[in-house]
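Quick notes on the structure that follows.
The values are calculated or read from the model by the stated rules, or taken from the named source; none is laboratory data. Every value quoted in this text rests on a predicted model; they were computed, and no experiment measured them. FYI the Cβ positions are ideal-geometry reconstructions off the backbone, even for glycines, and counts take in every protein chain you see.
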Amino acid sequence: MASVSNSGSQTATLATEHVLATVITAGQYQCVVDVANLVLGETLTLKIYGKARTGDTERLIKEYGVTNAQDEALIQLDPIVSPHHLKFTLEQNGGTGRAFPWAVYAID
């Protein structure tokens, strides 16, 4: 079972990494982004950051690239476990800044 931990819509400013959500509660989470607004020539980069220990420096865990319009427009990032810190970001490059609905699911 899952529930929505955070959600919203991010209108991208080109070449700017936007923070969608930062989660500091222990659990397993999955970020989902609707990329239906992407068109030919546009690229979206989605990233997950985390920390090994609470006081450590935040590091990149995984990066996903999406280019052009997608037939399967609801992108589900890999579920990830953290006892203390995750951050999900979005960056669009090329074209016109688009709006991207998103959600972070808490997986029970």
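Odds and ends about this structure:
- Members of the stretch 46-61 found to be surrounded by fewer than 17 Cβ atoms within 10 Å (Cβ to Cβ) and not in a strand (DSSP E or B), listed by number: Ala52, Arg53, Thr54, Gly55, Asp56, Thr57, Glu58
- Scanning the stretch 1-28 for residues that are of a type in the set (Gly, Ala, Ser), closer than 24 Å to Arg53 by Cα and over 10 Å from the mean Cα position of the chain (by Cα) yields Ser5, Ala26, Gly27.
- The stretch 53-72: number of residues that are at pLDDT below 95 and either among the hydrophobic types (A, V, I, L, M, F, W, C) or within 14 Å of the chain's Cα centre (by Cα) (or both): 1
- Pairs with Cβ under 9 Å, 6+ apart, first in the stretch 1-28 and exposed (fewer than 14 other Cβ atoms within 10 Å of the Cβ), second at pLDDT 95 or above and of a type in the set (Lys, Arg): Thr11/Arg98; Glu17/Lys47; Val19/Lys87
- For the stretch 67-92, the set of residues classified as in contact with an Asp or Glu (Cβ under 9 Å, 6 or more places away or on another chain) and of a type outside the set (Gly, Ala, Ser) consists of Thr67, Asn68, Leu74, Ile75, His85, Lys87, Thr89, Leu90, Glu91, Gln92, listed by residue number.
- Within the stretch 62-108, considering residues that are in a strand (DSSP E or B) and of a type in the set (D, E, K, R), the one nearest to Val4 (Cα to Cα): Lys87
- Residue match in the stretch 50-58 (condition: within 25 Å of Gly97 (Cβ to Cβ) and of a type in the set (A, V, I, L, M, F, W, C)): no
- Residue that is surrounded by the most Cβ atoms within 10 Å (Cβ to Cβ), among those in the stretch 29-45 that are under 13 Å from the mean Cα position of the chain (by Cα) and assigned to a strand (DSSP E or B): Cys31
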